[in-house]
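Read through the structure below, which is laid out as structure tokens, and then see the notes.
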Amino acid sequence: MSVQARDSDVEALHRMGYAQELRRRMSTFSNFAVSFTIISILSGCLTLYAYGMNTGGPVIMNIGWPLVGIFVTLIGLAMAEVCSSYPTAGGLYYWSAKLGGKNSAAWSWFTGWFNLLGQIAVTAGIDFGGAFFMSAWFNQLFNYPLDPPHIIVVYAVILFLHGLLNTFGVRLVAILNDISVWWHLAGVVIIVGCLFFIPGTGLAPAGTHHQSVSFVFTHFVNNTGFSFGGASVYVFLIGLLLAQYTFTGYDASAHMTEETKDAAVAGPRGIVWSIVISLFAGWLLLIGVTSAIQNYTAEAGAVVAPAQIFVDAVGKNLGTFLLFIVVGAQFYCGMSSVTANSRMIYAFSRDGAVPGSQFWHKINPRTRTPTNSIWFAAVGAFILGLPYLWNPVAYAAVTSIAVIGLYIAYGIPIFLRLMAGDRFQRGPWHLGRWSRPVGIIAVLWIVFIAILFVLPQAAPGTDLKTFNYAIVAVAVVLVGTGAWWLLSARNWFKGPKVQGTADELAKIEADLAAAG
């Protein structure tokens, strides 16, 4: 990258009022890699696969997936356009502040808090899913128990390791993210190849077979307990959670822009390409896994359904190897999620919106990373996963919280950009005349899914074992932050804070350089 381009990135950040505190080392590919890794088709598609098997079945995976993918692509395009104008780690809540007009501080406040909720929930969802699969892998290797307490222990260890890895600095994480892209793509090819070619041959257990094309694309299953009139439509809709949850976290490309070269173009490209490549690769993966189902009832009831499908379709040894590929991908995914989550916490704290902001905003002078925010993200995710100890559907609730929190935060700046009309100053990456229709469809879809995924996911939906506590988490954030805003924050939170004049920004950068 030329000196001129590097100066342009720093100057753009200065115009937004911030010093270059984080090291700008990421390439366009590395920025894309963070979002692609957090979307992680080997995480989202497979950790909610059992949910899909019981809530719609094959039709929800292989028809629902591309349906959701089209809408998510439109959301990503709308977000990318705004990202190009405001390439800063604050991302969504900063965008809302700049587009919100006279109520900009309120829009920024609520966007930030829903983004924070969604970021923590998606980290919990990823690493908790990783704990399921890692526990299943351990079970295949040495009969590790698959009860909730043992899975929670694995979950805690994974989060701790992700905290440590992120503490070491952005360079290590960037290298691992680059590796992760190829791990995911090669992993999909290996898994799908094995599941397509081995069942029914001498390399597989006797009696294995492939499912028919009609089964893979049209077979519908309802194991939710709902049987009212129109239940099939309802079950199909709530089953879309599998795809919608997988397509989360691509706002990471925006949160990493202060560490990315040519950020006003690289950030938008990272958002869009991570979605598009995941759409096609994930569809191929879902078709491959569904075609290899051997005993639907038994596999749908397994603690980790895809692990059982692998073993049944290709044998224990190769199935355990495929499971290892998935575990590796999920570990990379969780690591990137903690990275993006910590940057959002860092930026929101930099602007004084989080209790204890001075502590969470602190930068480690040696690694130039927000170490305290990293551990905020890890501990917050651990707490959110604890209800699994007494609620077996808690994991689906966590994924619902992630979807609702993140997509509300995605939708607010898109809506405000529509309201801004010609007042919106486009960056170098934009949609031209397609901006308005794309934005309208994106906002309507977000409103629809925000309502959909707080609804019951299993009958009766009112007792401890089937209650979808996503509505509680969302309500707590909405009521809590709303009350805080009305009683206090509106008097002192004015949106993103600038860090000073050009000379003051230069001094912050010089002090950090000297300390490092």
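As a summary of the residue check, G187 satisfies the conditions (1) touching a residue at least 60 places away in the same chain (Cβ under 8 Å); (2) closer than 23 Å to Y296 by Cα except for the one numbered (2). Counting just the residues of region 375-430 that are aliphatic (A, V, I, L, M) and open to solvent by 30 Å² or more (accessible area, probe 1.4 Å), which one comes out modelled with the lowest pLDDT? Top of the filtered list is V393. Contact annotation: residue pairs with Cβ atoms under 6 Å, 6 or more positions apart or on different chains, pairing a residue in region 252-265 that is closer than 13 Å to V82 by Cβ with a partner that is buried (at least 24 other Cβ atoms within 10 Å of the Cβ) and of a type in the set (A, V, I, L, M, F, W, C), are S253/I271; A254/C83; T257/A263.
When region 52-81 is examined, which residues are found to be buried (at least 24 other Cβ atoms within 10 Å of the Cβ) and farther than 30 Å from S435 by Cβ? Answer for region 52-81, where residues must be buried (at least 24 other Cβ atoms within 10 Å of the Cβ) and farther than 30 Å from S435 by Cβ: G52, M53, T55, G56, G57, P58, I60, M61. Residue selection: T47 fails the criterion of being closer than 23 Å to N166 by Cα, open to solvent by 10 Å² or more (accessible area, probe 1.4 Å) and touching a residue at least 24 places away in the same chain (Cβ under 8 Å).
Does region 474-488 include one or more residues that are in contact with a Lys or Arg (Cβ under 6 Å, 6 or more places away or on another chain) and either under 24 Å from G112 (Cα atoms) or touching a residue at least 24 places away in the same chain (Cβ under 8 Å) (or both)? No, because not a single residue in region 474-488 is in contact with a Lys or Arg (Cβ under 6 Å, 6 or more places away or on another chain) and either under 24 Å from G112 (Cα atoms) or touching a residue at least 24 places away in the same chain (Cβ under 8 Å) (or both).
For region 244-270, a tally of residues being surrounded by 24 or more Cβ atoms within 10 Å (Cβ to Cβ) and either of a type in the set (A, V, I, L, M, F, W, C) or not in a loop (DSSP other than H, G, I, E, B) (or both) returns 18.
Can you find a residue that is outside any helix (DSSP H, G or I) and of a type in the set (G, A, S) anywhere in region 73-81? No, region 73-81 contains no residue that is outside any helix (DSSP H, G or I) and of a type in the set (G, A, S). The residues in region 315-341 that are of a type in the set (S, T, N, Q), at pLDDT 90 or above and open to solvent by less than 10 Å² (accessible area, probe 1.4 Å) can be counted, and the count is 1.
Residues being of a type outside the set (A, V, I, L, M), touching a Pro at 6+ places or on another chain (Cβ under 8 Å) and either part of a helix (DSSP H, G or I) or surrounded by fewer than 23 Cβ atoms within 10 Å (Cβ to Cβ) (or both) are represented in region 287-295 by at least one member.
Take F228 and decide whether it is over 20 Å from the mean Cα position of the chain (by Cα), within 30 Å of I120 (Cβ to Cβ), modelled with pLDDT under 95 and open to solvent by 10 Å² or more (accessible area, probe 1.4 Å). The answer is no for F228.
This table checks each residue for (1) surrounded by 20 or more Cβ atoms within 10 Å (Cβ to Cβ); (2) in contact with a Ser or Thr (Cβ under 8 Å, 6 or more places away or on another chain); (3) among the small types (G, A, S).
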residue	(1), (2), (3)
W113	yes, yes, no
L117	yes, no, no
I126	yes, yes, no
A136	yes, no, yes
N143	no, no, no
L146	no, yes, no
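Within region 449-469, restricting attention to residues that are touching a Leu at 6+ places or on another chain (Cβ under 9 Å) and among the hydrophobic types (A, V, I, L, M, F, W, C), the residue that is most open to solvent (accessible area, probe 1.4 Å) is L455. Looking for whichever is at pLDDT below 80, among the small types (G, A, S) and over 30 Å from A459 (Cβ atoms) here; the options are A80, A89. Which one fits? Checking each option against the conditions leaves just A89. Residue pairs whose Cβ atoms lie under 6 Å apart, sitting 6 or more positions apart in sequence or on different chains, and linking a residue in region 206-224 that is within 15 Å of A292 (Cβ to Cβ) to a partner that is open to solvent by 50 Å² or more (accessible area, probe 1.4 Å) and modelled with pLDDT under 95, are T208/G200; H209/G200.
In the set W273, W283, only one residue is open to solvent by 20 Å² or more (accessible area, probe 1.4 Å), over 30 Å from V314 (Cβ atoms), at pLDDT 95 or above and of a type outside the set (S, T, N, Q); that residue is W273. Here L241, L172 are screened, and the one residue that is closer than 27 Å to Y51 by Cβ and surrounded by 14 or more Cβ atoms within 10 Å (Cβ to Cβ) is L241.
Please indicate, with yes or no, whether at least one residue in region 452-464 is within 24 Å of the chain's Cα centre (by Cα), at pLDDT 85 or above and not in a loop (DSSP other than H, G, I, E, B). There is at least one residue in region 452-464 that is within 24 Å of the chain's Cα centre (by Cα), at pLDDT 85 or above and not in a loop (DSSP other than H, G, I, E, B).
The values are calculated or read from the model by the stated rules, or taken from the named source; none is laboratory data. Every value quoted in this text rests on a predicted model; they were computed, and no experiment measured them. Positions of Cβ are generated from backbone atoms using ideal geometry, with glycine treated the same way; all protein chains shown enter the neighbour counts. Quick note on the areas: whole protein, heavy atoms, side chains included, nothing else; ligands and nucleic acids left out. Shrake-Rupley method; radii C 1.70, N 1.55, O 1.52, S 1.80 Å.
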